[in-house]
Structure formats: structure tokens, C-alpha cells
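Asker: Once you've had a glance at the structure underneath, I'll fire off some questions.
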Amino acid sequence: MKVKFNNIGKKYEGRENFTLRNINLEIDDQDFCVILGPSGCGKTTLLRMVAGLNSITEGDLMFNDIRVNKVPSKDRDIAMVFQSYALYPHMTVYENMAFSLSMRKERKKVIHERVMEAAEVLQIKDYLYSKPSDISGGQRQRVALGRAMVRKPSVFLMDEPLSNLDAKLREHMRVELVRLHKSLGTTTIYVTHDQVEAMTMATKIVLMNEGKIQQAGKPDEFYNTPHNIFVAKFIGSPTINLIEGKLTKGIFVSNDGEISITPSVEDCKILKAYEGKKVTVGIRPERFISGCHPKDTFDCTIDVIERLGKEKILYAKTKSGQEFIISTPGHYEYEEGEKHTFGFDLPALHFFDTDTQERIN
Ligand code: ATP
């Protein structure tokens, strides 16, 4: 099913301002759309509007080109999976999964087939007759998914479903969810504040901040061409390096005068309009060049090294205090306290207008 937001806004009663405004978004059939953003940006509000649990103040919510603003939740053909699982503790796993279908007065044979089918896919057949309290967190989360699956909805809505799991299990469930989505092909809208979940699972990411969409698109676009400084900082770990400065005769000079960069020929053309203006340069931690480099290098002292095995993350400072995070292959030798010279991989630089925070190149 296709889900479309036409200029949607939401203002809660008693609140002075709109929580969400001007939300325009198209989620295609079979998309795995991750709504991403910091706490309080309005992700859950958006999801609950799709679920029919929140009223819509303005705009049109469309399911396959049909307006559903006033359609009650039970008639929307959706199924929701929550962070808290919300399983009934007195029922077995089987009964939990069968519950919504029994309420719909579905035939026993159909219920049994659906439960067994979901249990097979989710590999939970061995504990169908256990109570939720007797199974692990990861297993409970699978049951919650199973309970949604048996309904064969047109849209899955998931609100931080993995956040109660430990890091290892989260990693495992991420892959399982992607597999599940591939095999079912059901349109999924998934809310999280975790950029790793978004980057690894989504076919489409929608990054929000303060009730507005900052960027919507494919995961790679977020990393390679962030539309503004907020997006650049939100996506990527370790975080992107940002240097504030000015363009003088086509050359970027940092505010402290310590770093100068001659942009690539391509960027030079686009940056012409910014001559004399405040510009911020962004560079991802893995896009520095170590060792000799013909020009535009900077000297820094490494004060902390994180040794992660496959990579080393260097935390370094220039003389005037500009901080850099530099990611290097794990087998490179660096020591704390050492001075090093680095250069910039010019085609990998991101240029932003410091005043508007918007991307330039
Ligand atoms: P989190 O990741 O912390 O769950 P979120 O991005 O999902 O945050 P929402 O829960 O959608 O954000 O909340 C967005 C804003 O709307 C917050 O300022 C919140 O206080 C407000 N809000 C949410 N629910 C209500 C409500 N029922 N009545 C009034 N204000 C609300």
C-alpha cells in the first residue's frame, strides 16, 4: 500500500505551537520507510496519525489515493509493533498471536494456519505454548512481530521495536527484520532515533527535526549528500568534522586562519556565488589523507586514540584548538601525543552556507 502525506500538520490541544507542520511525503508500496530524528521531533506523533490513534489537524493522509483522515484505526488495515511488546502476560505465545484474529471472529482453522505460518517464519515454534514471562526479550519481540504478521496487514507500523534489546540482539534482529520485509513485501513505517537502524534497514529514510522533514531519500544520499548541517551531523558515526570559515578569492580559510583549502574545480564553480561569505566545510572522518600531500594540509596533535580493531579513531587538535575526528585503518601506527599532518580528499568535501545551514555543492 502507498501512504501519502499531503501538507499534514498536528497541533495538540493545549499546545501553543504545531508539533508537526507541512509534512509532505510519499511512501511507496513495499517501502521500508524509517522515520528518524532526535527525541521530541514528532516521529511517534506522525506514526500514530497513520495508525489512526492521533487526530490530524490539517492536511490529507492518503492510503492508495483514498483519504483516511477520519477512518477509524480498526478499519485501516494496519498492524502496530511497539517498543514495549505489549503482550498479554496471562496468555501463551500462541494465544497472544491468535488474539486479534479471534476478536475478528476468524475461523479456528484459519487462525491456526496463520499462527503456524508466522511462527515458522519467525522461528518461534518451539515456545508457542510458553507464557511471555518464560521467554527472552528477543523472543518476546518476535512474538510481537508475529502477532502483527498474522493479521496480514497492508502496512506495518513499528515504534522503536528493538530499543529494549541488548546491542548484539538488536544487530541480529535488524537483519531478521530486513529478511522478513523482503519475504513479505509489506509497506513498513518504522520509527527510531538510531541512525544505524535507519541506515541498515531502510529503503527510504525520513529525517525529522523540530516537527519538520529535513531530508527524505535513500540511505546513501544521507551520507554522501546531506541537505544541511543538521543532517550531516545526525548521520554517520563518528560524526562529520565541520570547519567554519570564509571564502576568499575562491579559497576557503578557517576562522582561525590555520586551515586553507582550495576546492575541487567542480566545487569552485558552484562556490563562486559565496565569495566573501561565511561557509562551513564538512569532511567525514575517513576522508582525510595521511602522510605527504602536496598542499592544503594541516598539523595536529593526537590526544586520544580509540582502537577498534579494524580501525583506529584519532581525536586530534590543531594549535588553535580546532578539533578533528579522523578514522584510519586499524593496522596504521599512531600514538597519543604525536604530531601529524593530514590533507583533505577534495572531492569528498561538503560545503554549507553557515547562515542558512543549507548545502551548497
Ligand atoms: P521520542 O523519540 O522521545 O518518543 P518523538 O520524536 O516520537 O520523541 P513525539 O512523541 O511525537 O516525539 O512528541 C513530539 C512533541 O509532541 C513533544 O514535544 C511532545 O511533548 C508532544 N506531545 C506528544 N504527545 C502529546 C500529547 N498527547 N499532548 C500534547 N503534546 C504531546
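The values are calculated or read from the model by the stated rules, or taken from the named source; none is laboratory data. On a predicted model such as this, the values are computed, not experimentally measured, just so you know. A quick note on method: Cβ atoms are made from the backbone with ideal geometry, for glycine too, and the neighbour counts reach across all protein chains shown. Heads up: the accessible areas ignore ligands, DNA and RNA and are worked out on the full protein's heavy atoms, side chains in. Shrake-Rupley method; radii C 1.70, N 1.55, O 1.52, S 1.80 Å.
Asker: Would you mind telling me which residue in 309, 343, 217 has the biggest mean-square fluctuation in a Gaussian network model of the chain, where springs connect alpha carbons within a distance under 10 angstrom?
Answerer: Maximum fluctuation in the GNM of the chain, among the listed residues, is at 309.
Asker: Okay, moving on. Once you've got the Cα coordinates, tell me which of 182/218; 218/246; 70/125; 2/131; 131/168 are over 28 Å apart.
Answerer: Long pairs (Cα-Cα over 28 Å): 218/246; 70/125; 2/131.
Asker: Out of all DSSP beta bridges in the chain, what portion is antiparallel? Express it as a percent rounded to 5.
Answerer: The answer is about 75 percent antiparallel.
Asker: Under a 10 Å cutoff between Cα atoms, tell me which one of 347, 263, 38 has the largest fluctuation in the Gaussian network model of the chain.
Answerer: 347
Asker: Around residue 85, with a cut-off of 12 angstrom between Cβ atoms, what is the net charge of the other residues, counting Lys and Arg +1 and Asp and Glu -1?
Answerer: The answer is +1.
Asker: Also, I was wondering about something else. Sum up the charges of everything whose Cβ sits under 13 Å from the Cβ of residue 215, counting Lys and Arg as +1 and Asp and Glu as -1, but leave residue 215 out.
Answerer: Around residue 215, the surrounding residues sum to +2.
Asker: Out of the GluC sites (Glu not before Pro) in the stretch 1-109, which ones are loop residues according to DSSP with at most 12 other C-beta atoms within 10 Å?
Answerer: Hits after loop and neighbour filter: 13, 16.
Asker: In square angstrom, rounded to the nearest 10, how much accessible surface does residue 172 have for a 1.4 Å probe?
Answerer: Roughly 90 Å² of residue 172 is accessible to a 1.4 Å probe.
Asker: Averaged per residue, what accessible surface does the stretch 3-234 expose to a 1.4 Å probe, in Å²?
Answerer: 49
Asker: For the stretch 241-353, which whole-number percentage of the solvent-accessible area (1.4 Å probe, protein heavy atoms only) is attributable to carbon and sulfur atoms?
Answerer: 53
Asker: Please sort through the DSSP H helices of the chain and keep those with an alpha-carbon extent of at least 15 Å along the long axis and a Kyte-Doolittle average not below -0.5.
Answerer: 93-103, 108-122, 167-184
Asker: If you roll a 1.4 Å probe over the stretch 3-234 with all protein chains in place, what percent of the accessible area is carbon or sulfur?
Answerer: 47
Asker: Do any GluC sites (Glu not before Pro) in the stretch 274-322 lie in a loop, going by DSSP, with at most 12 other beta-carbon atoms within 10 Å of their beta carbon, and if so which?
Answerer: 275
Asker: Right, next: What percent does the relative contact order of the chain come to when contacts are Cα pairs within less than 8 Å and at least six residues apart?
Answerer: Once normalised by length, the contact order is 15 percent.
Asker: With a probe of 1.4 Å, find how much accessible area the stretch 241-353 has per residue, and write the answer as a whole number in Å².
Answerer: 53
Asker: Over the C-alpha atoms of the chain, what are the Rg and the largest Cα-to-Cα span, Dmax, in Å?
Answerer: 24.7, 77
Asker: Cβ under 11 Å from residue 259's Cβ, residue 259 left aside: what net charge do those residues give with Lys, Arg +1 and Asp, Glu -1?
Answerer: -4
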